[in-house]
Structures are given as C-alpha cells and as structure tokens.
Amino acid sequence: MRQQLQLLLLIGLVIALGIVGYEMAFDDQPGHDLMVVSARSATVVNEDGTTTEALESGMTIAVQSTVRTGKGGNAALQYGDGANLMLLSEASMKVLNADRSGVRVELQEGTLSARVRPGMPPLGITNRGRAVNATNADFTVMVDRGGGLSAFASSGSLKLQGFGSQRELPSNRILRAVPQTEAIVAAATESLLLDVKWPADAKTRSDEMELTGRTDPYASVVFGAGKDSILVRADRDGNFRATVPLQEGENNVQLTVQDVLGREAKQKHTVRR
C-alpha cells in the first residue's frame, strides 16, 4: 500500500514538473504573428510613433503598431492559420494584441473585412469602447471619421460589446451605431436608398444651400470630396440634413452615401450662385 502511494506521488510529481517545464518553455514565447500577405499604398507606424515605413509582404506587425492605407491602397494581413484581415482604402488600424489567445485591433477609421475560421482564437475589433468579436465568421466593420460604426456578417455571427441592448449580430443583418445614440440592427436591403430634396431653383443669391434627404439608417453621407467635404450621418430613420457652402458662379454639388457593405449611391446637382 505504501509503495502504491509512493508511486502515485511520484507520477503526480512528474506530471507537475512537466506542466511547469512546458509553461517555462512556451509561455514567454511569441504566439501567432500578424503577418503582411500583401500591401499597396500602405504604411506601418511603430508603437511610439517615431518611425514610419512602407508595408511589405512578409513583415510582422508588432503590438501597438498602427497600419494605415492611402487612397486606393489596401493591406492584407494573416493571423496564424485562423484569421485573414483586409484593411481597405484610407483606413487606420492599431494592433492591440496578437498572441495565442487571439488578436485584437482598434479600427480608428475606414473599413476592415475579415474571415475567422471555426475553432480558431477570436478576432476582436474595437472602437471607442465598443467591440465586435468573431470566432467563426466572414464580416466587415466600417468606422467613419465622425465615430459612426457599422458591421455586417455575410456568414456566422458576431458578439457585440458596448452597443447597449444589442449583444449579437446574426448573419445578413447590419449593425449601425453612432456615439450617444442607440444602436440598431436591421435586415440588409438589396439596394441603398438615396432620396435627396434638391432646391427647385437652380439659381440663388445665398452663399449656402440646405439639403435634406433620406437614406438607410445611420449611413454616412458625404457632400463634396477631399479635405473640404462635409460628412453627416443619417439618423435611425434614415433622415439627414446638411448646409453646403456655395462659391460664386456654378457649383457642382455631389452627394455620396456609403454603407458597411461597400455599396454607394451618388447624386449630383448644379446650382449657380
């Protein structure tokens, strides 16, 4: 009996030493790396913001680094064998965590599409205290410069944090949220609504023009282009309003609406001041 007890204690000691040895050998080792698969017009800024370099395939993105894409650019990233991420044009993303427990990034602005395979560590996308988490999904998250966030899953479902009562996003549904406003989840429509009330008179003496219209709830609405463009968000009913400045002479006012699916609707109107 004593010999059996001693044998059991010895076996337990061997198992315990094996666990400790494994942890010592592997716990401090890096987990999955976030690797660059391909890149175009994209850069990475190091964690302290002092160094910026062009993104190239084969590079490893360190934690606390920021990846940015220029106009028309993109960056395809891979996290181990479990997740693929695509940062689209004019977007910015900071890597918060990338190890065996999963990968977590902060999408500061722009659009990020991702695929997470089943059984793999989770992928989390955060912004302003909100988080979209996936363990088995194909999905897209978009953040505009006003802080509006939209998400869509073409397959699988997403776990939500920081969106009030909205805790899950099923496939083929769209999440729309703006700061200080209740988030909503709605069915994805086949087309993007855009109905603008342009002024009846094509001539005016005023130095500005007020436009109203209706589109999909919380869609981003941009008047003009470039640094002088004006961004507004439609409300939960899809209504929007903006005041557009007018220069003397002919003004070609362009309005562009975009949603998380990448769908765009455009209208253009000419007004002479």
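Restricting attention to the stretch 47-74, the residues that are part of a strand (DSSP E or B) and within 21 Å of residue 104 (Cα to Cα) total 6. Looking across the stretch 98-109 at every residue that is in contact with a Gly (Cβ under 8 Å, 6 or more places away or on another chain) and under 15 Å from residue 132 (Cα atoms), the one that is most open to solvent (accessible area, probe 1.4 Å) is identified as 104. For the stretch 153-204, residues that are loosely packed, with under 11 Cβ neighbours inside 10 Å and in contact (Cβ under 8 Å) with a residue 24 or more places away in the chain total 2. Of the residues making up the stretch 205-226, those that are open to solvent by less than 50 Å² (accessible area, probe 1.4 Å), modelled with pLDDT of 85 or more and either in contact with a Ser or Thr (Cβ under 6 Å, 6 or more places away or on another chain) or not small (Gly, Ala, Ser) (or both) are 209, 211, 212, 215, 216, 221, 222, 223.
Of all the residues in the stretch 193-204, those that are in contact with a Ser or Thr (Cβ under 9 Å, 6 or more places away or on another chain) and assigned to a loop (DSSP other than H, G, I, E, B) number 2. Based on what the data block shows, is residue 112 free of Cβ contacts under 8 Å to residues at least 60 places away in the same chain, out of contact with any Leu (no Cβ under 8 Å at 6 or more places or on another chain) and either buried (at least 21 other Cβ atoms within 10 Å of the Cβ) or not in a loop (DSSP other than H, G, I, E, B) (or both)? Answer is no for this residue.
Suppose we filter 243, 256 for residues that are part of a strand (DSSP E or B), open to solvent by 50 Å² or more (accessible area, probe 1.4 Å) and either among the acidic types (Asp, Glu) or modelled with pLDDT of 90 or more (or both); which single one remains?
Of 243, 256, the one residue that is part of a strand (DSSP E or B), open to solvent by 50 Å² or more (accessible area, probe 1.4 Å) and either among the acidic types (Asp, Glu) or modelled with pLDDT of 90 or more (or both) is 243.
Counting only residues that are basic (Lys, Arg) and open to solvent by less than 90 Å² (accessible area, probe 1.4 Å), the stretch 227-240 holds 1 of them.
Each row is one residue, and each column tells you yes or no for (1) within 14 Å of residue 142 (Cα to Cα); (2) of a type in the set (Ser, Thr, Tyr); (3) open to solvent by 10 Å² or more (accessible area, probe 1.4 Å); (4) in contact with a Gly (Cβ under 9 Å, 6 or more places away or on another chain).
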residue: 70; (1), (2), (3), (4): no, no, yes, no
residue: 79; (1), (2), (3), (4): no, yes, no, yes
residue: 82; (1), (2), (3), (4): no, no, no, yes
residue: 92; (1), (2), (3), (4): yes, yes, yes, yes
residue: 95; (1), (2), (3), (4): no, no, no, no
residue: 119; (1), (2), (3), (4): no, no, yes, yes
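The values are calculated or read from the model by the stated rules, or taken from the named source; none is laboratory data. Predicted model, so just to flag it, every value in this text is computed and none were measured. Note: ideal-geometry Cβ built from the backbone for every residue, glycine included; neighbour counts use all protein chains shown. Note: areas computed on protein heavy atoms with side chains; ligands, DNA, RNA excluded. Shrake-Rupley method; radii C 1.70, N 1.55, O 1.52, S 1.80 Å.
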